[in-house]
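Colleague: Have a look at this one before I ask anything.
The values are calculated or read from the model by the stated rules, or taken from the named source; none is laboratory data. None of the values given here were measured: they were computed from a predicted structure. Cβ placement follows ideal geometry from the backbone for every residue including glycine, while neighbour counts extend to all protein chains displayed.
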Amino acid sequence: MRIYQEKDYNAMSRRAASVIAAQVVSKPDCVLGLATGSTPVGTYQQLIQWCKQGDLSFAQVHSVNLDEYCGLAPEHDQSYRYFMQTNLFDHVDIKPENTNVPSGLVSDPEEECARYEDVVKGLGYADLQLLGLGRNGHIGFNEPCGEFPLATHLVDLTESTIEANARFFASANDVPKQALTMGVGTIMKARKILIVASGADKADAVWKAFCGPITPEVPASVLQLHPDVTLVGDGSALAKLMEDKA
Ligand code: GLP
């Protein structure tokens with residue numbers, strides 16, 4: 001596992017973007033697994049800048065996103081499709097038809113999960129999967145539970161996730177209660193993992209994920225079993241981990 005502890009959010013974002021750029025430069029037709037949340041926004045901004053300067057191209061890249069809220073249309077400003085369009089896809093040269101996000105607005109979410117898992121599998125899974133980290137240790141929307149879910153599935157969001165994500169909605173009541181997410185198994189099939197974490201409120205989750213026991217109660221702890229993980233964080237998110245490793 002490689003760990004980059006950067007001095008602040010901007011440095012963290014540049015470092016994470018450089019890991020993604022290295023992947024795209026070394027394999028222009030790669031499959032990128034992408035994530036939402038506030039943490040990767042700066043990473044995407046850096047990638048957009050490099051793309052606009054002509055230093056990077058996503059023309060041959062396929063993307064697969066981790067998750068989507070159930071019940072939100074792609075045009076809803078809190079849907080993850082909308083997030084990806086506005087924070088990355090609309091500003092780089094990726095082909096719209098090469099981008100994949102689960103659909104939250106379907107009559108049969110289970111069927112959509114199976115379809116999405118087939119899409120990811122059909123692309124040969126991600127060459128590089130970008131992940132954020134929930135405060136409760138979730139990855140994608142794989143919430144703490146009794147066993148690691150394997151494939152893309154429908155999940156009931158925990159109170160702590162609803163509360164954490166309420167800041168993006170008018171109120172906690174407006175946060176969808178369910179989501180579709182790649183499974184831990186789908187994520188672990190990625191050849192490389194890049195996980196980003198920022199801020200003191202992630203320090204515990206980072207520590208539990210990489211220094212604690214491997215348990216589905218901390219979904220990110222499964223990454224200890226992945227052969228190629230890069231963790232990029234700012235000083236405060238990695239503080240507890242680095243103390244332990246010192
Ligand atoms: C959401 C997403 C996760 C993300 C997490 C952390 O729950 N489903 O993929 O990692 O939020 O978000 P943030 O980066 O805003 O802390």
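Colleague: Looking only at the stretch 161-202, count how many residues are more than 10 Å from the ligand (Cβ to nearest atom) and part of a helix (DSSP H, G or I).
Modeller: 11
Colleague: Here's another thing I want to ask about it. Taking the criterion of being within 12 Å of the ligand (Cβ to nearest atom), at pLDDT below 95 and either of a type outside the set (A, V, I, L, M) or not in a loop (DSSP other than H, G, I, E, B) (or both), would at least one residue in the stretch 55-65 satisfy it?
Modeller: Looking only at the stretch 55-65, we keep the residues that are within 12 Å of the ligand (Cβ to nearest atom), and these are 65.
Within this subset, residues satisfying the condition of being at pLDDT below 95 are none.
Scanning the stretch 55-65, I find no residue that is within 12 Å of the ligand (Cβ to nearest atom), at pLDDT below 95 and either of a type outside the set (A, V, I, L, M) or not in a loop (DSSP other than H, G, I, E, B) (or both), so the answer is no.
Colleague: Mind telling me which of the residues 215, 181 ends up being under 14 Å from residue 143 (Cβ atoms), modelled with pLDDT of 95 or more and over 17 Å from the mean Cα position of the chain (by Cα)?
Modeller: Numbers: 181 fails: over 17 Å from the mean Cα position of the chain (by Cα).
Sole residue among the options that is under 14 Å from residue 143 (Cβ atoms), modelled with pLDDT of 95 or more and over 17 Å from the mean Cα position of the chain (by Cα): 215.
Colleague: While we're here: Does residue 141 meet the test of being in contact (Cβ under 8 Å) with a residue 60 or more places away in the chain, surrounded by 20 or more Cβ atoms within 10 Å (Cβ to Cβ) and near the ligand (Cβ under 9 Å from one of its atoms)?
Modeller: On the way: in contact (Cβ under 8 Å) with a residue 60 or more places away in the chain: yes; surrounded by 20 or more Cβ atoms within 10 Å (Cβ to Cβ): yes; near the ligand (Cβ under 9 Å from one of its atoms): yes.
Taking the combined requirement at face value, the residue satisfies it.
Colleague: Further question on the same structure: Among the residues of the stretch 114-125, are any buried (at least 21 other Cβ atoms within 10 Å of the Cβ) and within 16 Å of the ligand (Cβ to nearest atom)?
Modeller: If we filter the stretch 114-125 for residues that are buried (at least 21 other Cβ atoms within 10 Å of the Cβ), which is where we start, we get 116, 120.
Imposing the further condition that a residue be within 16 Å of the ligand (Cβ to nearest atom) reduces the set to 116, 120.
Checked the stretch 114-125: at least one residue is buried (at least 21 other Cβ atoms within 10 Å of the Cβ) and within 16 Å of the ligand (Cβ to nearest atom).
Colleague: Can you name the number of the only condition in (1) within 25 Å of residue 30 (Cβ to Cβ); (2) in contact with a strand residue (DSSP E or B) (Cβ under 6 Å, 6 or more places away or on another chain); (3) among the small types (Gly, Ala, Ser) that residue 151 fails?
Modeller: In the conditions (1) within 25 Å of residue 30 (Cβ to Cβ); (2) in contact with a strand residue (DSSP E or B) (Cβ under 6 Å, 6 or more places away or on another chain); (3) among the small types (Gly, Ala, Ser), residue 151 misses (2) alone.
Colleague: With 174, 127, 118 as the choices, which residue is in contact with a helix residue (DSSP H, G or I) (Cβ under 9 Å, 6 or more places away or on another chain), charged (D, E, K, R) and within 28 Å of residue 21 (Cα to Cα)?
Modeller: Numbers: 174 fails: within 28 Å of residue 21 (Cα to Cα); 118 fails: in contact with a helix residue (DSSP H, G or I) (Cβ under 9 Å, 6 or more places away or on another chain).
Going through 174, 127, 118 in turn, the sole match is 127.
For (1) surrounded by 18 or more Cβ atoms within 10 Å (Cβ to Cβ); (2) under 15 Å from the mean Cα position of the chain (by Cα); (3) polar (S, T, N, Q), each residue gets a yes or a no:
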residue	(1), (2), (3)
161	yes, yes, yes
164	yes, no, no
167	no, no, no
177	no, no, no
185	no, yes, no
192	yes, yes, no
195	yes, yes, no
199	no, no, no
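Colleague: Kindly indicate whether any position in the stretch 46-54 is away from the ligand (no atom under 14 Å from the Cβ) and at pLDDT below 95.
Modeller: No, the stretch 46-54 contains no residue that is away from the ligand (no atom under 14 Å from the Cβ) and at pLDDT below 95.
Colleague: Any idea which residue in the stretch 144-153 is surrounded by the fewest Cβ atoms within 10 Å (Cβ to Cβ), counting only those that are touching a helix residue (DSSP H, G or I) at 6+ places or on another chain (Cβ under 7 Å) and in a loop (DSSP other than H, G, I, E, B)? Before you say what the answer is, go through the steps one by one.
Modeller: Initial filter on the stretch 144-153 (touching a helix residue (DSSP H, G or I) at 6+ places or on another chain (Cβ under 7 Å)): 144, 148-153.
Checking the rest, the ones that are also in a loop (DSSP other than H, G, I, E, B) come to 144, 148-152.
Numbers: 144: 17, 148: 17, 149: 22, 150: 14, 151: 16, 152: 28.
Here the residue is 150.
Condition check ((1) crowded, with 18+ Cβ neighbours inside 10 Å; (2) of a type in the set (Gly, Ala, Ser); (3) out of contact with any Leu (no Cβ under 6 Å at 6 or more places or on another chain)) across all residues:
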{"site": "7", "(1), (2), (3)": "no, no, yes"}
{"site": "13", "(1), (2), (3)": "yes, yes, yes"}
{"site": "17", "(1), (2), (3)": "yes, yes, no"}
{"site": "34", "(1), (2), (3)": "yes, no, no"}
{"site": "45", "(1), (2), (3)": "no, no, yes"}
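Colleague: So how many residues does the stretch 23-45 have that are more than 16 Å from the ligand (Cβ to nearest atom), part of a helix (DSSP H, G or I) and of a type outside the set (S, T, N, Q)? Show your work before the answer.
Modeller: Applying the first criterion (more than 16 Å from the ligand (Cβ to nearest atom)) to the stretch 23-45 yields 23-31.
Cutting the leftovers down to part of a helix (DSSP H, G or I) gives us 23-26.
Next, only the ones that are of a type outside the set (S, T, N, Q) stay: 24-25.
Number satisfying all stated conditions: 2.
Colleague: Of the residues 104, 134, 124, which single one is farther than 30 Å from residue 54 by Cα, more than 14 Å from the chain's Cα centre (by Cα) and in a loop (DSSP other than H, G, I, E, B)? Let's see the steps before the verdict.
Modeller: Details: 134 fails: more than 14 Å from the chain's Cα centre (by Cα); 124 fails: farther than 30 Å from residue 54 by Cα.
104 is the lone residue from the list that is farther than 30 Å from residue 54 by Cα, more than 14 Å from the chain's Cα centre (by Cα) and in a loop (DSSP other than H, G, I, E, B).
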